[in-house]
Amino acid sequence: MPSGKKVAVLAEDDQQVRQFMETFLKMSGYEVHSFDNGITAFGKLRDLRIAGTPADLLLTDNDMPGTDQGANLVEQWRKEEKNNTALPSTPIVMMSGNTISKAGTNLTDIAAQNSAVFRPKPLSPAALPQAIQEAEALASGLTKALQSSQGPTSAPNPPGTPSPKWAANETPGIRLKSDRPTSPSL
């Protein structure tokens, strides 16, 4: 990875939207790791954090195959970060064509509860930089709050520590749900 380049993890199942977001993020100076589901995005976030180079941005759709993958990804990622406050919190932008999750929860509330920003789709190119700036401010505040209340609790796992196996029925700490047997989801 080139030094000084920001890293973004993108979770979006719609190929056209994913390509648009990738292009925008690359033009904005990000190295982009994009995935069509929340589970592989979570794995990449964890791998980057273990390596001591956490992602600078998580941009996620909510409505991917499965049940509210984006909301579950955000909630589970924030839990992961709270277990290791030695590294900064990740700025998160959630997006969806719906404002209510499949479980009936307001996505704006889920975002707020997790120090993330929610934007309805379609998301215009002009709105994305503002959402990223807001997410960066929220993540910075969360990092300061966690570190002042707990102090840095642990260093990242050493390089070479195996990342979790992403199987539909064996992922500790992650609520896996699937409405398609061949596609595990958060």
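For residues that are farther than 14 Å from L73 by Cβ and part of a loop (DSSP other than H, G, I, E, B), scanning just the range 104-114, find the one that is farthest from the chain's Cα centre (by Cα). It comes out as G104.
Restricting attention to the range 86-121 and to residues that are surrounded by fewer than 22 Cβ atoms within 10 Å (Cβ to Cβ), among the hydrophobic types (A, V, I, L, M, F, W, C) and within 17 Å of K144 (Cβ to Cβ), the residue that is modelled with the lowest pLDDT turns out to be A86.
Residue by residue through the range 35-73, note down the ones that are of a type in the set (V, I, T) and touching a helix residue (DSSP H, G or I) at 6+ places or on another chain (Cβ under 7 Å). Residue satisfying the conditions is T60 alone.
Whenever a residue of the range 70-86 is among the small types (G, A, S), its partners that are surrounded by 20 or more Cβ atoms within 10 Å (Cβ to Cβ) and assigned to a helix (DSSP H, G or I), lying with C-beta atoms within less than 7 angstrom and at least six residues away or across chains, give the pairs G70/G38; A71/L107; A71/I110. For the range 122-148, a residue qualifies if it is within 13 Å of M95 (Cα to Cα) and surrounded by 16 or more Cβ atoms within 10 Å (Cβ to Cβ), and the qualifying residues are L123, L128, A131, I132, A135.
Cβ-Cβ distances below 7 Å connect the following pairs, each with a first residue in the range 10-39 that is in contact (Cβ under 8 Å) with a residue 40 or more places away in the chain, a second residue that is loosely packed, with under 15 Cβ neighbours inside 10 Å, and a separation of six or more residues or different chains: F24/P125.
The values are calculated or read from the model by the stated rules, or taken from the named source; none is laboratory data. Quantities reported herein were computed from a predicted structural model and do not represent experimental measurements. Counting neighbours? That spans all protein chains shown, and the Cβs are built from the backbone with ideal geometry, glycine included.
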